[in-house]
1. On average over all directions, what projected area in square nanometres does region 180-220 have, based on the convex hull of its Cα atoms?
2. With 20 Å as the limit, write out which pairs from 8/226; 57/226; 8/45; 77/226; 45/66; 74/157 have Cα-Cα distances beyond it, or answer none.
3. Can you give the relative contact order of the chain as a percent, counting alpha carbon pairs under 8 Å and 6+ residues apart?
4. Can you give me the % of accessible surface on the chain that is carbon or sulfur? Probe 1.4 Å, all protein chains present, nothing else counted.
5. If you count only protein heavy atoms with a 1.4 Å probe, what accessible area per residue comes out for the chain, rounded to a whole Å²?
6. Can you tell me the FRET efficiency between residue 137 and residue 57 if r is taken as the Cβ-Cβ distance and R0 is 30 Å, rounded to the nearest 0.05?
7. Would you mind working out the magnitude of the charge dipole of the chain relative to its Cα centre, with +1 at each Lys and Arg C-beta and -1 at each Asp and Glu C-beta, to the nearest 20 Debye?
8. Assuming R0 = 30 Å, can you tell me the calculated FRET efficiency for the pair residue 3 and residue 124, based on Cβ-Cβ distance, to the nearest 0.05?
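The values are calculated or read from the model by the stated rules, or taken from the named source; none is laboratory data. On a predicted model such as this, the values are computed, not experimentally measured, just so you know. Virtual Cβ from ideal backbone geometry, glycine too; neighbours counted across all protein chains shown. Note: areas computed on protein heavy atoms with side chains; ligands, DNA, RNA excluded. Shrake-Rupley method; radii C 1.70, N 1.55, O 1.52, S 1.80 Å.
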Amino acid sequence: MQNEVILKVQDLSRRFGGVRAVDGISFEVKSGEALGIIGPNGSGKSTLINLITGFVKPDKGAVFYKGNNITGLKPHKIASIGIARSFQTVKPFYNLPVYKNLIIPLYSNRVKKQLKGGCMGDRDEAAMHLLEEVGFERESNLPYKITGTLPHGYLKKLELARCLCLDPEIVIVDELFSGMSMSEIASAMPIMEKIVAEGKTLIMIEHRLRELFRVVQGVMVLNFGKIIARGTPEEVVKVEEVKEAYLGKEGETVA
Ligand SMILES: Nc1ncnc2c1ncn2[C@@H]1O[C@H](COP(=O)(O)OP(=O)(O)O)[C@@H](O)[C@H]1O
Ligand SMILES: [Mg+2]
């Protein structure tokens, strides 16, 4: 339901050796909200996502999804209850044809349950449809190519399709636009906007602020594993600590 807290992160912490990658982070995300996460390299953004989605175990703290404590659940379990994430570094099955990457998640219980009574028809067709949705041209033969031969931008699109396969309630993307060309980013923007328009909850880690700020209503800024600001894009870019941490002291502009 709109406006209910769908995700709650409480005092989440994780160290790697002497590095406090995520250091006592707490925040809430409302259902249907689009939240951007920004911060310098190494500020803990990916680790935070790994903690939420079960890929890394916290030293301390908890994650609640729809009020249920999901801390420490396995990644596949977290995906199956509706939280999908893309990886900053893509990890497709490089030796398979592109569309086959989506067939495996399409066999998951979550998808089966949703299709109960309905007719999904052919899973190949469903995979093709998803690929088209993320910008693989219908008439192109790219979906049939061996994944390893795809240009990087398309690998990122495939990564997004893999995410959307499970019809998640929360979509988390980690630097989706990095490695994409300007035209690929332009074609990916409506997909992000559609995810939000459909009422899904979106958490978007992104360095490209101009594009990010067109999609999200709220932004959270991390530095050294801590939240240093949260607010609207207009609000956070005015915070002095954000300017210094994220934008450099030279006074680079972002808009
Ligand atoms: N698996 C790991 N082992 C050791 N150090 C890690 C690991 N993952 C992340 N770190 C460290 O934690 C800090 C935060 O990293 P990360 O979450 O990847 O930041 P960001 O995504 O904001 O660039 C960095 O100092 C990074 O080197
Ligand atoms: Mg990262």
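1. Numbers: hull surface 11.6 nm².
Taking a quarter of the hull surface, the average projection is 2.9 nm².
2. Working: 8/226 16 Å; 57/226 17 Å; 8/45 16 Å; 77/226 27 Å; 45/66 22 Å; 74/157 25 Å.
From 8/226; 57/226; 8/45; 77/226; 45/66; 74/157, over 20 Å: 77/226; 45/66; 74/157.
3. Working: 480 pairs, mean separation 65.4, N = 255.
Across the chain, relative contact order equals 26 percent.
4. Working: 6500 of 12270 Å².
Carbon plus sulfur share of accessible area: 53 percent.
5. On the way: 12270 Å² over 255 residues.
In whole numbers, the chain has 48 Å² accessible per residue.
6. Working: r = 41 Å, r/R0 = 1.37.
The computed FRET efficiency comes out at 0.15.
7. On the way: 34 positive and 30 negative charges, 205 e Å.
In total the dipole reaches around 980 debye.
8. Details: r = 39 Å, r/R0 = 1.28.
Efficiency for this residue pair is about 0.20.
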